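Please read the structure below before turning to the comments.
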Amino acid sequence: MARSQLPVVGVLSNPNSGKNRRQPGRRRELERAVGSVGIVRQTRDLAELEAVLDEFLDAGCRYWVCDGGDGTLHWMLSVADARVRARREAGHETPWPRVVPGNGGSIDFVAHKAGIRGDAVQLLRVLVHRVRSGVPLATVPIDTMRVQGTRSDGSAFDHLGFASALGGIAQRFFDKLYARGPVDAWSIAHVIGRSTAGAVANSTPGLGQLVPSHLREYAGEVFEPTMAQVDVDGRPLPFSSFASLQVGSIDISLGGVVRTFRHAAASGVLHAQAISTSPLGIVANLPNIVLGTPIWGRNVFDGAAQRMRVRAIEDHTLDPVIDGELFRGFTALDIGRGPVLDVPVLCAA
């Protein structure tokens with residue numbers, strides 16, 4: 001193959017992501033869009049991912065397009081990070097590729113943050129045209145965070161991501177959201193509404209008798225606190241029961257309904273939120289939680305940080321959600337800044 005014909009674009013497609021399940025001919029569409037400029041690979045399970053990304057690295061693909069949602073993207077980045085570091089440790093100069101998040105999932109908050117608009121096939125056509133014509137690509141830096149942890153069985157965990165609900169209502173919200181399905185603005189609003197109504201009923205004498213028991217039980221599950229010891233930038237927080245616990249490396253919008261991590265709009269910082277309050281305290285803060293404005297309360301940390309350290313206490317475990325992916329059974333989590341991605345800004349009109 002001539003030098004000019006070497007593949008420069010690697011396309012990772014997840015056929016299990018929300019939008020792709022409805023498009024059985026997806027791979028062929030992507031292959032037509034990329035032509036001889038790139039490689040298209042589908043991965044149906046995580047066991048296939050490492051070999052595919054090694055193929056992209058071996059081929060010298062400078063641009064990696066993720067045809068899937070935020071969960072697919074965070075798995076791709078986590079495995080890529082391990083492969084790049086392994087090659088560097090072995091003495092091989094291995095630059096990070098330029099990653100293009102697709103709009104193939106339910107929320108796609110990373111693509112929105114980067115200003116990327118359009119389906120992966122459309123984005124590929126734009127990218128390939130610019131690569132072939134030599135048109136420079138504008139890029140934006142996108143911060144990641146590294147989540148390292150230890151599970152109850154002693155196994156280690158090391159992932160890159162952008163937003164993590166570590167405990168409390170922030171984490172339990174996703175259990176209810178995924179149980180309801182589909183993940184969209186209506187479902188997000190539905191879970192918030194049911195949780196709020198049940199919490200008010202549980203906390204107001206006499207009102208509980210007027211509200212169905214299943215709604216009150218629903219709220220009790222969502223508002224169950226997470227028990228942990230937390231420090232932010234080496235400073236221990238003076239409380240151990242968390243109504244909500246979360247951290248992000250970018251400011252995000254969940255389906256246009258919930259906006260959060262405003263401090264992470266600035267580069268180089270995480271936004272950590274640790275809230276110890278009653279269910280009614282969370283309900284009172286609901287406008288702040290939805291709009292991304294400052295959380296108020298006596299036992300609240302809501303600000304910029306470099307690192308968050310979380311340790312489960314007693315017989316409790318931590319069950320974090322990272323970029324929409326649920327993980328279970330951790331005793332310890334350490335969250336810090338990860339590599340900064342150089343993301344091409346593509347818009348398919």
(message) Taking the criterion of being modelled with pLDDT of 95 or more, of a type outside the set (A, V, I, L, M) and outside any strand (DSSP E or B), would at least one residue in the range 305-314 satisfy it?
(response) yes
(message) Please go through the range 132-145 and give me each residue that is at pLDDT below 90 and among the hydrophobic types (A, V, I, L, M, F, W, C), ordered by number.
(response) 135, 137, 138
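For every residue, the table says whether it meets (1) outside the structural domain of residue 157 (by TED's automatic domain parsing); (2) buried (at least 18 other Cβ atoms within 10 Å of the Cβ); (3) more than 16 Å from the chain's Cα centre (by Cα); (4) touching a residue at least 40 places away in the same chain (Cβ under 8 Å).
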{"site": "262", "(1), (2), (3), (4)": "no, no, no, no"}
{"site": "272", "(1), (2), (3), (4)": "no, yes, no, yes"}
{"site": "278", "(1), (2), (3), (4)": "no, no, yes, yes"}
{"site": "301", "(1), (2), (3), (4)": "no, yes, yes, yes"}
{"site": "314", "(1), (2), (3), (4)": "no, no, yes, yes"}
{"site": "347", "(1), (2), (3), (4)": "yes, no, yes, yes"}
(message) If a residue counts only when it is under 23 Å from residue 326 (Cα atoms), which helices (runs of 4 or more DSSP H) contained entirely in the range 42-144 have at least 1 such residues?
(response) 49-59, 70-89, 109-114
(message) Between 69, 35, which is surrounded by 14 or more Cβ atoms within 10 Å (Cβ to Cβ) and not assigned by TED's automatic domain parsing to the domain that holds residue 186?
(response) 69
(message) Go through the range 287-299 and report how many residues are surrounded by 14 or more Cβ atoms within 10 Å (Cβ to Cβ), part of a helix (DSSP H, G or I) and among the hydrophobic types (A, V, I, L, M, F, W, C).
(response) 2
(request) Return the residue satisfying two criteria in turn: it lies in the range 249-260 and is of a type in the set (A, V, I, L, M) and in a strand (DSSP E or B), and of such residues it is surrounded by the most Cβ atoms within 10 Å (Cβ to Cβ). (result) 252
(message) Looking for something modelled with pLDDT under 90, out of contact with any Gly (no Cβ under 7 Å at 6 or more places or on another chain) and not aromatic (Phe, Trp, Tyr) - is there at least one such residue anywhere in the range 81-90?
(response) no
(request) Determine the pairs where a residue that is not assigned by TED's automatic domain parsing to the domain that holds residue 70, located within the range 175-196, has a partner that is assigned to a helix (DSSP H, G or I) and at pLDDT below 80 with Cβ atoms under 6 Å apart, the partner being 6 or more residues away or on another chain. (result) 187/180; 194/218; 195/219
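The values are calculated or read from the model by the stated rules, or taken from the named source; none is laboratory data. Keep in mind that this is a model prediction, so the values were computed, not measured. Every residue, glycine among them, receives a Cβ derived from its backbone with ideal geometry; neighbour counts consider all protein chains shown.
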